[in-house]
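Only one structure is covered here, and it is reproduced in the block below.
The values are calculated or read from the model by the stated rules, or taken from the named source; none is laboratory data. No experiment lies behind these values; they were computed from the predicted model shown. Counting neighbours? That spans all protein chains shown, and the Cβs are built from the backbone with ideal geometry, glycine included.
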């Protein structure tokens, strides 16, 4: 898999956005690209790269990818290569973007709509929810709902009737808001994971009874659930995973990123002569020493981390636990021993 | 007289975990796990304790003489220098 950043522009302002620093131009040592949108020639080069890497799914991300002025053309070019297209969007789409997606066959596109994306600090307004509902009604089975948990008392209650009403896919992809390394976004602190986990289980059971299941995105950890709650999640059909792996984000500046939360620190030159697997291996090696730790101090003695069942949470949250060493010790010839 | 100073190499970071202190040198993709005595010394050094104070604390902790503690401390510092965690700066005064 590879995520292609086709637009560095977004017209919302989600407090938890882990791409915000990247989009604001705080790329660490990465220079900002001259245009916020991918040009079509470069996009074709990326498609060649995906072909060489035997990647059949193209994942369009941003920013908000639908803001690209040639969004429809990008979709068509990906379609012509026989790619399955996954679009990560806030769902408040222009008529043009909506029509472009609506025209694609159900089996060739998935539109992942982030349901709590908003212009407002406290979450979506009624107007935003109404527009998003319209998107869901128009795109139907092409849509999978996404939700980012950024506070422990989150509510998913409004999603269930929406799924049943609009005919979108009967699954919800859940993410945990993660901290940007050196950034300023809102995120769910690892100390809050247990409370969030408990809340999640109750909703998963209610959803399961309606045939709707949960899928975990990266950053979940096994210890946020009790054994009983894990069994309840399994019974509810939840797609449980505790992963943190680089998907490989390809940015406009000819850089391959580990992920947005680590964008300013862990990236490599996008050499199109290499495959996605080779680029991913370079990034994996860069972060390898930090992988020994996890988001909790106990992760290093956890059998689930040692066995690889749990990755120990988001690497950005893990690296935030580190502090710079400050040793500066002076020895005077030995007389002061 | 030799006036030797050990400082951290650039980019060295650390975190305290349940099994010890993990020291990472990101630029070299290297990591070291410090446990027991080394873990305690690392924490104290990062609190900017002076060499004489560290010698006293080490002597008390290990129940050894101050000269023996001084030799042990130098040995550990040299070991860390060898691993690339620390760098040595030596100033020779006339």
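Couple of notes before you dig in:
- Qualifying residue in region B:25-34 (condition: within 25 Å of residue A:302 (Cβ to Cβ), loosely packed, with under 14 Cβ neighbours inside 10 Å, within 10 Å of chain A (Cβ to nearest Cβ) and without any contact (Cβ under 8 Å) to a residue 12 or more places away in the chain): yes
- Set A:240, A:247: member being touching a residue at least 60 places away in the same chain (Cβ under 8 Å), surrounded by fewer than 18 Cβ atoms within 10 Å (Cβ to Cβ) and under 22 Å from the mean Cα position of the chain (by Cα): A:247
- Each residue in region B:52-94 was checked for being assigned to a strand (DSSP E or B), closer than 17 Å to residue A:327 by Cα and over 13 Å from the mean Cα position of the chain (by Cα), and 2 of them qualify.
- Of the residues making up region A:288-297, just one is assigned to a helix (DSSP H, G or I) and in contact with a helix residue (DSSP H, G or I) (Cβ under 6 Å, 6 or more places away or on another chain), namely A:290.
- The residue that is surrounded by the most Cβ atoms within 10 Å (Cβ to Cβ), counting only those in region B:36-48 that are more than 8 Å from every other protein chain (Cβ to nearest Cβ), within 11 Å of the chain's Cα centre (by Cα) and free of Cβ contacts under 8 Å to residues at least 24 places away in the same chain, is B:39.
- Selected residue (only one of A:84, A:122, A:90 is surrounded by fewer than 18 Cβ atoms within 10 Å (Cβ to Cβ) and under 19 Å from the mean Cα position of the chain (by Cα)): A:84
- Qualifying residue in region B:75-94 (condition: at the interface with chain A (Cβ under 8 Å from one of its Cβ atoms) and free of Cβ contacts under 8 Å to residues at least 60 places away in the same chain): no
- In the set (1) more than 30 Å from residue A:34 (Cα to Cα); (2) assigned to a helix (DSSP H, G or I), the condition left unmet by residue A:279 is number (1).
- Looking at A:167, A:175, A:141, A:208, just one residue is modelled with pLDDT of 95 or more and touching a strand residue (DSSP E or B) at 6+ places or on another chain (Cβ under 6 Å), and that residue is A:175.
- Single residue of A:319, A:301, A:327 found to be modelled with pLDDT of 95 or more, surrounded by 19 or more Cβ atoms within 10 Å (Cβ to Cβ), more than 21 Å from the chain's Cα centre (by Cα) and under 23 Å from residue B:30 (Cβ atoms): A:327
- Across region B:49-82, the qualifying residues are those that are within 25 Å of residue A:289 (Cβ to Cβ) and in contact with a strand residue (DSSP E or B) (Cβ under 6 Å, 6 or more places away or on another chain), and the one among them that is surrounded by the most Cβ atoms within 10 Å (Cβ to Cβ) is B:80.
- When region A:105-120 is filtered for residues that are out of contact with any strand residue (DSSP E or B) (no Cβ under 7 Å at 6 or more places or on another chain) and more than 14 Å from residue A:149 (Cα to Cα), the ones remaining, listed by number, are A:105, A:106, A:107, A:119, A:120.
- A residue that is in contact (Cβ under 8 Å) with a residue 40 or more places away in the chain, touching a helix residue (DSSP H, G or I) at 6+ places or on another chain (Cβ under 9 Å), in a helix (DSSP H, G or I) and surrounded by fewer than 16 Cβ atoms within 10 Å (Cβ to Cβ) occurs nowhere in region A:142-154.
- Matching entry among A:310, A:302 (being within 11 Å of chain B (Cβ to nearest Cβ), touching a helix residue (DSSP H, G or I) at 6+ places or on another chain (Cβ under 9 Å) and touching a residue at least 40 places away in the same chain (Cβ under 8 Å)): A:302
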